[in-house]
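Below is one structure, written out as structure tokens; the observations come after it.
The values are calculated or read from the model by the stated rules, or taken from the named source; none is laboratory data. Worth saying up front: this structure is predicted, and the values here are computed from it rather than measured. Reconstructed Cβ throughout: ideal geometry from the backbone, glycine too, with neighbour counts over all protein chains shown. Heads up: the accessible areas ignore ligands, DNA and RNA and are worked out on the full protein's heavy atoms, side chains in. Shrake-Rupley method; radii C 1.70, N 1.55, O 1.52, S 1.80 Å.
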Amino acid sequence: GVMPRAPLSTKPHEPLWVFGYGSIVWNVGFEYVSTRTLCARGFRRRFYQGSTDHRGTVEFPGRTVTLEHCDAREVVWGAAYEVSPEHRERVIEYLEKREKQYDARIEMDLFDSADEGAEPVIRNAVTYIATPSEYNLNWLGDAGDLAEQIARARGPSGENCEYLYNLAIAMRDIGVEDDHLYNLEAAVRAIRGD
């Protein structure tokens, strides 16, 4: 089922901005008006969420990205998608199903600069994150063998490494620097011989 969610602060007659930091960047899946490469402050991208329905199984979960809260000086870059008011409810419904294993839907300010003094260019963009709460049955957290797990996991949507590789390609395509992501990609490629 779908997780219970707090109401959004934006109104139905307003555009909806969706912040993509994972598979949405390379597999959007919904109609949008425009897209911008932007960052969120106080988060970092990490492969802490287990995937038992797409990139792994209950017996051997894959790993997908979430955003981890961190120091406010850090930023995570991704793609922001503007959804028109007429498609807003349909997109929210789609995202609720797609992101059903993520226990938190949050709203965040987005910036076009990593500078600490930058002002938000978009307020209340929506994104979905996984947290270590008791509601999230698929939280895996950090592990010393992340690369090994991603190299071996496979689920109904394919190999877990494909998710990682597609994400790395998508981030490079929009000019995003992410050492954690690219180092993990290199480690998985080395394990698999890709």
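Points to keep in mind about this one:
- Any hit, the range 17-31, residues being touching a Ser or Thr at 6+ places or on another chain (Cβ under 9 Å), open to solvent by 40 Å² or more (accessible area, probe 1.4 Å) and closer than 21 Å to Leu184 by Cα: no
- Against the numbered list (1) open to solvent by 50 Å² or more (accessible area, probe 1.4 Å); (2) out of contact with any Phe, Trp or Tyr (no Cβ under 7 Å at 6 or more places or on another chain); (3) farther than 22 Å from Arg73 by Cα, Val188 comes up short only at (1).
- Across the range 99-106, not a single residue is classified as more than 14 Å from the chain's Cα centre (by Cα) and either surrounded by 15 or more Cβ atoms within 10 Å (Cβ to Cβ) or outside any loop (DSSP other than H, G, I, E, B) (or both).
- Unmet criterion (only one of (1) open to solvent by 70 Å² or more (accessible area, probe 1.4 Å); (2) farther than 30 Å from Pro12 by Cα; (3) out of contact with any helix residue (DSSP H, G or I) (no Cβ under 9 Å at 6 or more places or on another chain)) for Asn138: (1)
- Only one of Tyr182, Tyr163 that is more than 14 Å from the chain's Cα centre (by Cα), among the hydroxyl-bearing types (Ser, Thr, Tyr) and at pLDDT 95 or above: Tyr182
- Odd one out for Glu89, checked against (1) more than 21 Å from Asn183 (Cα to Cα); (2) without any contact (Cβ under 8 Å) to a residue 60 or more places away in the chain: (2)
- Asp71 satisfies every condition listed in (1) part of a strand (DSSP E or B); (2) surrounded by fewer than 18 Cβ atoms within 10 Å (Cβ to Cβ); (3) modelled with pLDDT under 95; (4) not hydrophobic (A, V, I, L, M, F, W, C) except (1).
- Residue among Ser9, Ser113 that alone is in a loop (DSSP other than H, G, I, E, B), modelled with pLDDT under 95 and more than 17 Å from the chain's Cα centre (by Cα): Ser9
- Residue match in the range 142-165 (condition: within 17 Å of Tyr21 (Cβ to Cβ) and open to solvent by 20 Å² or more (accessible area, probe 1.4 Å)): yes
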